[in-house]
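Beneath this line is the structure, given in structure tokens, with notes to follow.
The values are calculated or read from the model by the stated rules, or taken from the named source; none is laboratory data. All of these numbers come straight from a predicted model, not from anything done at the bench. Cβ placement follows ideal geometry from the backbone for every residue including glycine, while neighbour counts extend to all protein chains displayed. Heads up: the accessible areas ignore ligands, DNA and RNA and are worked out on the full protein's heavy atoms, side chains in. Shrake-Rupley method; radii C 1.70, N 1.55, O 1.52, S 1.80 Å.
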Amino acid sequence: RELYPKAKRAVSKALEIDNQLAEAHISLGLLIMLNEWDWINSGNEYQAGIKLNPNYATGHHWYAEWLLFMGRTTEAIEEISIAVKLDPVSPAILKDQGMTFYYCRQYDRAIESAKKTLELNPDFATAYRLLSLAYQGKGMYDAAIEENQRWGQYTGNKVKTNISLAQIYA
């Protein structure tokens, strides 16, 4: 509640200074999407930013999430793949490529993305969560429990870890 108005003012000021800043349009799209749930205008901002700078990996990354939220799964996979091509060593982008595959029920591809993420950064905690989810999707519950425990060790959040464990057992 406190940060959103400050972030929106900063992005608005950046666009006031230069309306051709792709990064500002992408950031505005994210702010609108996550705080206002204004799907039309957030999508428009992502598209404007990508048009201004088609080589901005984060723009494709966040737009892929928007597409996924819209249920446009094929386009989401295409968009996150562009982000990975533009920044193949970003753990966040690789992990979210895996999450996109997970939500599209492409569990083997999700596992592959999670493992690539962990090759780059073995301490990237959310990649363990992704592995746990993907293993659940494949019915590999022992592996899911093991990765859930790793996720819990890295995050230290016993409540979330236990809730996730209960979900696996269920």
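Laid out as a table, the results:
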| read-out | value |
| --- | --- |
| Scope region 67-95; condition more than 21 Å from LYS115 (Cβ to Cβ) and out of contact with any helix residue (DSSP H, G or I) (no Cβ under 6 Å at 6 or more places or on another chain); matching residues | PHE69, MET70, GLY71, ARG72, THR73, THR74, GLU78 |
| Meets criteria (farther than 24 Å from LEU34 by Cα, of a type outside the set (D, E, K, R) and open to solvent by less than 60 Å² (accessible area, probe 1.4 Å)) for ALA83 | no |
| When residues of region 1-47 are limited to those that are outside any loop (DSSP other than H, G, I, E, B) and of a type in the set (Asp, Glu), the one nearest to GLU65 (Cα to Cα) | GLU45 |
| Matching option when the condition is within 22 Å of ARG1 (Cα to Cα) and open to solvent by 40 Å² or more (accessible area, probe 1.4 Å), among LEU28, LEU34 | LEU34 |
| So GLY59, is it small (Gly, Ala, Ser), open to solvent by less than 50 Å² (accessible area, probe 1.4 Å) and over 30 Å from TRP37 (Cβ atoms) | no |
| Residues of region 25-74 that turn out to be under 24 Å from ALA110 (Cα atoms) and either in contact with a Pro (Cβ under 7 Å, 6 or more places away or on another chain) or charged (D, E, K, R) (or both), as a count | 2 |
| Single residue of region 104-147 satisfying the filter (in contact with a Leu (Cβ under 8 Å, 6 or more places away or on another chain) and β-branched (Val, Ile, Thr)) that is least open to solvent (accessible area, probe 1.4 Å) | THR117 |
| Given (1) open to solvent by 50 Å² or more (accessible area, probe 1.4 Å); (2) more than 29 Å from ALA143 (Cα to Cα); (3) not aromatic (Phe, Trp, Tyr), number of the condition ALA14 does not satisfy | (1) |
